[in-house]
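Read-outs throughout are calculated quantities, based only on the coordinates presented, and are distinct from any laboratory measurement. Every value quoted in this text rests on a predicted model; they were computed, and no experiment measured them. Heads up, the Cβs are rebuilt from the backbone with ideal geometry, glycines too, and the neighbour counts pull from every protein chain shown.
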Ligand SMILES: [Zn+2]
């Protein structure tokens, strides 16, 4: 069994999506998966006597619905996001390299944020803000240009 989809994956959006994007994705998913719409013909009927299609669609609709219930609410979304972080730490992620935050180049940005970068083979850089790593022991960071990822360990001193 494949790991279950995250609420973001169910809606086909980025974990960094804005509430507007979430709302849009939810509405189009509802249009696509609503049991009434998906069934099309005839009255709603017992899934066991009906095609697989309807049962699957009902399941998907419920996933969409519960994704929306969580993501529409800033507090619940934040709680869910931290759950996802835990899951990420437990799930082996594919990354090309590992490094410590101390290996990265730090630069100070406007507003006091610190940006850490590390050169990628493609010529661009892996980049993350110090704040993104706050409270985490490590984080997988994508390259800004290519599909490479790198695991950055927080170097807590
Ligand atoms: Zn790259």
| remark: Cβ density ranking, 10 Å radius, fewest first, applied to 4, 138, 155 yields 4, 155, 138
| task | Kindly provide log₁₀ I(q)/I(0) values, in the same order as q = 0.20 Å⁻¹, from the Debye equation applied to equal alpha-carbon scatterers of the stretch 97-153. | result | -0.68
